[in-house]
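I have placed the structure first, in the form of C-alpha cells, so that the comments after it can refer back to it.
The values are calculated or read from the model by the stated rules, or taken from the named source; none is laboratory data. As the structure is a computational prediction, the values presented were derived from the model and not from experiment. Every residue, glycine as well, gets a Cβ built from its backbone with ideal geometry; the counts of neighbours run over all protein chains shown. Just so you know, the surface numbers come from the protein's heavy atoms only, side chains and all, with ligands and any DNA or RNA stripped out. Shrake-Rupley method; radii C 1.70, N 1.55, O 1.52, S 1.80 Å.
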Amino acid sequence: LSGDRFFYENPIAADPDRDAFFRSRPQNLREHLPLLERVKIFDCSCCPPNLIRAIGSIGDFMYSVRDTTIFAQCYMSGDAQITLPGLDVALKQRTAYPYDGSIRLETETAGTYTLALRIPGWCRSYTLTVGEDTVTEKARDGFVYLKRCWKAGDTVSLTLAMPVERMEANANVKNLCGRVAVTRGPLVYCAEGIDNENIPLKDIRIRQDTDVEIVQGGIENTAFPILTIQAERRTPFMQLYRPCQGSLEEFSLRLIPYFAWANRGATEMNLWFLA
C-alpha cells in the first residue's frame, strides 16, 4: 500500500510458523512457500513494468465502444473523451467503487447514442435512474442499455447492492470443502493474525446467521471498509488430541480486503474459514 513493495504470488492462507520450519530445513527438503512480506526488489523483477502498462490501459478497461454504444466496463472516478462515429462524447464518472456501490455518470455531450452499464456477476440487486426517472429495462448479457437522445448535463445513477455474503466452493475444490469465504461486492475479505490476537485463524468458524458490522478503517493511509463479524473458535487446550467436546467461544473476527494483506509484517493470514 506504500507503493514501493510487492510480491507475485497470492496465497489464500499464510502461516509464519510453517514458513519458518520449512526455511530451516536443508535446501532439497524445503517446500516452496509464498512470501509473507512484500519486498522492494527480487533477483529478477520482470513484472513491475506491467504496472506502467496497466496504468496506460485504464481508459480501455473503463470504457469500450461498439458502433454508437459506449460500454461502461469498470467503475472508477474519471473524465473521459470517447470517439463515436461522427461524435466525440465527454463523460464524467464519480464513485467510491469498489468500497461503495453508488456510481454517477454525467454526459457533457448532446447526441443520440447508447450507454451500456455493466451489472457485475456478483450483483443480484440494483437501482438505476436517468435524471429523476427510474429505469426498468433489464440487463442483457451483463449490461443495461440506455439509448437516448442525450442532452449535455444528463445524469445516470447506478446503485449496486453490496451485502456481506458467505461464499462456498464446489465440492470438487477439495481443500475448501466445509469452508466459507466472506465477500462484499467485488471484494474478498481475509483475516490477519495481527488484527485477531494471533489466534489460530484456520480454527475459526463463521455461521451463516452471524452479525456483521462495517466500519471505516485502513492501513498505511489507505482507507477502506473493514468487517467485524461474530465468529466462533474452540476453547484452547494443551493436549495434542482429546475427545471432541463441542465447546466453542464467541469472539469478534476482524476482516480486511484481501488485496491489503501483508502490509504490516509477517503474520498469519486466512481467507477460507470453517462453516
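Remarks
For (1) at positive phi; (2) touching a Leu at 6+ places or on another chain (Cβ under 9 Å), each residue gets a yes or a no:
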position	(1), (2)
ALA14	no, yes
ASP19	no, yes
PRO26	no, no
ILE41	no, no
GLY86	yes, no
ALA96	no, no
GLU106	no, yes
THR114	no, yes
LEU117	no, yes
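- Search result, residues across region 129-159 that are open to solvent by 60 Å² or more (accessible area, probe 1.4 Å) and not in a strand (DSSP E or B): GLU132, THR136, GLU137, LYS138, ASP141, LYS151, ALA152
- Subset of region 170-196 [open to solvent by less than 40 Å² (accessible area, probe 1.4 Å) and part of a loop (DSSP other than H, G, I, E, B)]: GLY185, ASN196
- Residue match in region 59-67 (condition: at pLDDT 90 or above, of a type outside the set (Gly, Ala, Ser), outside any loop (DSSP other than H, G, I, E, B) and more than 24 Å from LEU187 (Cα to Cα)): yes
Listed here are the residues, each with its yes/no results for (1) assigned to a strand (DSSP E or B); (2) crowded, with 16+ Cβ neighbours inside 10 Å.
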{"site": "LYS92", "(1), (2)": "yes, no"}
{"site": "ASP100", "(1), (2)": "no, no"}
{"site": "THR109", "(1), (2)": "no, yes"}
{"site": "THR127", "(1), (2)": "yes, no"}
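- Positions within region 160-169 being open to solvent by 60 Å² or more (accessible area, probe 1.4 Å) and of a type outside the set (Asp, Glu), in sequence order: PRO163, MET167
Matching residues to (1) free of Cβ contacts under 8 Å to residues at least 40 places away in the same chain; (2) part of a loop (DSSP other than H, G, I, E, B); (3) open to solvent by less than 60 Å² (accessible area, probe 1.4 Å); (4) of a type in the set (Asp, Glu):
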| site | (1), (2), (3), (4) |
| --- | --- |
| ASN198 | no, yes, no, no |
| ILE214 | no, no, no, no |
| PRO225 | no, no, yes, no |
| ALA231 | no, no, yes, no |
| PHE237 | yes, yes, no, no |
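- Flag not set for CYS74, criterion: loosely packed, with under 10 Cβ neighbours inside 10 Å and of a type outside the set (Asp, Glu).
- Selection status of GLY56, open to solvent by less than 90 Å² (accessible area, probe 1.4 Å), over 21 Å from the mean Cα position of the chain (by Cα), on the phi < 0 side of the Ramachandran plot and of a type in the set (Gly, Ala, Ser): yes
- Only one of ARG5, ARG38, ARG23 that is over 24 Å from LEU176 (Cα atoms) and either in contact with a Pro (Cβ under 8 Å, 6 or more places away or on another chain) or open to solvent by 80 Å² or more (accessible area, probe 1.4 Å) (or both): ARG23
- Total residues in region 12-50 satisfying the condition of being hydrophobic (A, V, I, L, M, F, W, C), in a helix (DSSP H, G or I) and within 26 Å of GLU192 (Cα to Cα): the figure is 3.
- Among residues of region 41-67 that are charged (D, E, K, R), those with a Cβ under 9 angstrom from a residue that is surrounded by 10 or more Cβ atoms within 10 Å (Cβ to Cβ) and assigned to a loop (DSSP other than H, G, I, E, B), sequence gap 6+ or separate chain, pair up as ASP60/GLN73.
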